[in-house]
Structure formats: C-alpha cells, structure tokens
Amino acid sequence: MQVAIITGAGSGIGLATAKMLHDAGFAIVGVGRDRKKLETLEQAIGNPDHVATISVDVTAAEAPKQIVDLALERFGRIDCLVNNAGVGSPKPLDETDDEMLDYFLDIMLLAPFRLCREVIPHLRAGSSVVNVTSTFAHIGGRRGGAYSAAKGGLKSLTEH
C-alpha cells in the first residue's frame, strides 16, 4: 500500500485529495491545525487502518519531523507528499505589513520547503511531491501581495 502525506487535509482541496488518493488505494496521513476538521477526514475515509492524522501547525520547526515520524511509524513508508496547507484573504502590496508577509511566507513557502527536506530522503523511485500553488504564482493579481510572493516561491521550489 502506498502512503500519502497531505497538509491542509481537513477541508477543501486537501480533503478532496485525501479522499481521491484513498479511493486509489493509498493510506493517508492527514495534517492540519484543526482537530475537528481532521475528524471529518477520518470519517470521510472511514477506514481507520488506512488513515492517520496529526494536528500540528505546519510552520512549527518540529512539525516536519513529527509528520514524517508518524507516517513511518504507522505505515513504514512515504510515497507521496501533497503540500496543500494555505491561507487566503490576500491584500495589495501597499497594504501588507511585515507580519502579514511573514505569515503567508511561513505557511505557503517555508513550511513546504521544510517538509520536502524532511520527506525526500524517504522517497523511493516513482514517488512524488505535489505543491499546490495558484494562478497568482504565474500572473499575480492586484490583491496578490504576499500571497503571490509565497505561491511564486512555491512554484519555483516545485520546479527545482
């Protein structure tokens, strides 16, 4: 059985991705901050032998190791990483202070970078890393600001 780690797995794109990959035969390691949303994931999968969840802030320095350790302890391998965690509500550049810039960069660039770095040594031939970006990474947008910068950085990381 293949194993996928998915950040932001409790709702939206992350939850849909988790269900799709589970239906394709993957065991799921769902990552999110909200324990209740992760319970929704567990119920949606409906197979406790094929799902493990961890409620953690992906921006925490120790989070990547905790996530990888859970995947390896529970399932013994990692075949896919989906960096999906993110935040919305961007503001124009001239309305973005350093705190907001750091917030967007931490969640949507630094956290995926750190998790990739922790996961890659455990991947085998045929494994994959999927980083969820946005059209804002390619064409920007008037309200993009820090969001565009973070997603653009993630796009470049993915190309690397």
- request: Please give, to one decimal in nm, the separation of the simple spin-label points placed at R33 and A61, each 7 Å out from Cα toward the Cβ.
  value: 2.0
Order by protection proxy (mean Cβ within 10 Å, highest first), peptides 43-50, 70-77: 70-77, 43-50
- prompt: Given a 1.4 Å probe and every protein chain left where it sits, what share in percent of the accessible area of the chain is carbon and sulfur?
  reply: 52
- line: Dividing the surface of the Cα convex hull of the chain by four yields a projected area in nm² of 9.1
- prompt: Cα to Cα, under 16 Å, and not fewer than 8 places away if on the same chain: which aspartates and glutamates meet these conditions relative to K36?
  reply: D57
- prompt: What is the spin-label model distance, in nm, from M20 to D69 if the labels are put 7 Å beyond Cα along the C-beta direction?
  reply: 3.2
message: Counting heavy atoms of the protein chains only and a 1.4 Å probe, report the per residue accessible area for segment 1-113 as a whole number of Å².
response: 49
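The values are calculated or read from the model by the stated rules, or taken from the named source; none is laboratory data. Nothing here was measured: the structure is a model prediction, and the numbers come from that model. Methodologically, a virtual Cβ is constructed for each residue, glycine included, from the backbone with ideal geometry; neighbour enumeration extends over all protein chains shown. SASA here: full protein model, heavy atoms, side chains in, ligands and nucleic acids out. Shrake-Rupley method; radii C 1.70, N 1.55, O 1.52, S 1.80 Å.
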